[in-house]
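The values are calculated or read from the model by the stated rules, or taken from the named source; none is laboratory data. What you are looking at is a predicted structure, and each value in this text was computed from that prediction instead of being measured. All Cβ positions, even for glycine, are placed from backbone atoms using ideal geometry, and neighbour counts span all protein chains on display.
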Amino acid sequence: MFTDISMRLLATAFVMGVGTLGPGLAIGFIGAKSVEAIGRNPEASSKVQTMAILAIAFAEAVAIYALVIALIIKFVA
Amino acid sequence: MRVGEILIILLSLRGMLNITLVAEKIFSIGGLPVTNALLLAFLVLVVLAVLAVILKNKLAMVPGMLQNVSEVAIEGALGLMDSVLGDRRKSEKYLPLVFTIFIFVLFSNWSGLIPGVGSITVGQGADAIPLLRSPASDLNLTLALALIAVTMVNVFAISIVGLKERISVFFNFKSPIGLFVGLLELISEFARIISFTFRLFGNVFAGEVLLAIMALLVPYLVPLPFMFLEVFVGFIQAFIFGMLTLIFVALATTPHEGENAGH
């Protein structure tokens with residue numbers, strides 16, 4: 001029932017499913033807080049925007065790490 | 001589970017779905033392999049160089065369309081860099097690095113969407129490999145860009161704040177906490193290389209896989225929104241690469257203010 005290929009597919013899907021939970025939530029929080037900050041203080045908009053882009057890129061990078069592991073499981077050995 | 005895996009195996013064997021993590025080698029120059037992604041990167045390089053030469057030779061007080069578009073792009077980039085750096089002279093100093101990275105990654109990502117890339121193959125039958133492939137889907141290219149970006153950040157930092165100041169960021173012997181923070185900074189410098197590499201590679205390669213599978217499942221109309229997504233993602237990843245490089249340069253070139261004041 002559990003062949004090598006089926007375990008590999010299962011592992012790939014599991015890695016992606018669990019690995020993008022955290023970054024998804026993180027990006028949502030960052031977006032919400034930065035929009036709130038801009039709403040409170042529109043003059044600091046460009047500073048907030050810079051920090052928000054930076055933080056979102058870092059959060060997305062963690063999801064990309066999970067993607068890389070999923071790709072390695074699927075395509076390499 | 002069985003039907004799905006049988007389908008994928010059959011399609012891979014028939015060569016309809018040839019997705020490889022590693023970019024395939026087409027030929028060699030000297031002893032060095034040239035992959036299909038590298039070939040397209042060379043083409044993008046040639047296109048950008050030709051555009052630059054044409055722009056330079058046809059500079060006029062009354063701009064033609066190409067010059068107009070380029071001026072809008074560069075003015076926009078300089079304005080954005082001003083808002084991060086605060087000084088137009090600094091923006092002009094870092095513009096070559098940041099804007100080149102942005103334009104090269106942008107043209108690379110968009111060139112991977114042109115019809116013919118991924119579908120025109122060389123070789124017969126079972127070992128037919130695509131002649132061209134999105135440049136950033138080769139891990140070597142993204143690694144090279146990441147190394148260039150991080151090296152140039154350090155070069156700029158050393159040229160502006162000096163070698164001693166730069167090293168004292170990493171090896172800070174003022175206090176045990178300072179030592180720890182310095183070690184963390186050193187590790188995070190290497191982590192930046194890794195994250196630059198894999199962010200761009202992951203986004204572009206995942207986009208390629210998505211497009212290939214979508215085109216395989218429903219060839220008409222359905223791939224269209226995914227192509228739009230890829231255009232958007234290509235732009236965003238180029239923008240993020242450039243912005244992060246800019247921010248790291250800005251962070252690395254601001255000298256430490258007095259550490260004694262209220263730490």
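Take the conditions (1) more than 10 Å from every other protein chain (Cβ to nearest Cβ); (2) among the β-branched types (Val, Ile, Thr); (3) touching a residue at least 40 places away in the same chain (Cβ under 8 Å); residue A:30 misses just one of them, which is (3).
Taking the options B:83, B:134, name whichever one is within 26 Å of residue B:25 (Cβ to Cβ), among the polar types (S, T, N, Q) and surrounded by 12 or more Cβ atoms within 10 Å (Cβ to Cβ). Spell out how you get there, then give the answer.
Values: B:83 fails: within 26 Å of residue B:25 (Cβ to Cβ).
Selected residue: B:134, the only one of B:83, B:134 that is within 26 Å of residue B:25 (Cβ to Cβ), among the polar types (S, T, N, Q) and surrounded by 12 or more Cβ atoms within 10 Å (Cβ to Cβ).
Here residue B:155 meets the list (1) farther than 24 Å from residue B:213 by Cβ; (2) within 14 Å of another protein chain (Cβ to nearest Cβ) almost entirely, failing just condition (2). Looking across segment A:55-74, the residues that are more than 7 Å from chain B (Cβ to nearest Cβ) and in contact (Cβ under 8 Å) with a residue 40 or more places away in the chain come down to A:62, A:63, A:66, A:69, A:70, A:73, A:74. Against the conditions (1) more than 24 Å from residue A:53 (Cα to Cα); (2) within 14 Å of another protein chain (Cβ to nearest Cβ); (3) in contact with a Pro (Cβ under 9 Å, 6 or more places away or on another chain), residue B:204 satisfies every one except (1). Residues in segment B:160-193 that are under 30 Å from residue B:89 (Cα atoms), more than 25 Å from the chain's Cα centre (by Cα) and among the charged types (D, E, K, R): B:164, B:165, B:166. Residues satisfying the criterion are absent from segment B:111-120 (criterion: surrounded by 13 or more Cβ atoms within 10 Å (Cβ to Cβ) and either over 20 Å from the mean Cα position of the chain (by Cα) or without any contact (Cβ under 8 Å) to a residue 24 or more places away in the chain (or both)). On the stretch given as segment B:86-98, residues that are crowded, with 18+ Cβ neighbours inside 10 Å and over 16 Å from residue B:160 (Cα atoms) total 1.
Of the residues making up segment B:210-235, those that are within 18 Å of residue B:114 (Cβ to Cβ) and β-branched (Val, Ile, Thr) are B:231, B:233. If only residues of segment A:33-54 that are away from chain B (no Cβ under 13 Å) and among the hydrophobic types (A, V, I, L, M, F, W, C) are counted, the one that is surrounded by the fewest Cβ atoms within 10 Å (Cβ to Cβ) is A:35.
Every test in (1) modelled with pLDDT of 90 or more; (2) under 16 Å from the mean Cα position of the chain (by Cα) is passed by residue B:206 save one, and that test is (1). Scanning segment B:154-194 for residues that are in contact with an Asp or Glu (Cβ under 9 Å, 6 or more places away or on another chain) and either in contact (Cβ under 8 Å) with a residue 60 or more places away in the chain or closer than 18 Å to residue B:249 by Cα (or both) returns B:154, B:157, B:158, B:169, B:170, B:174.
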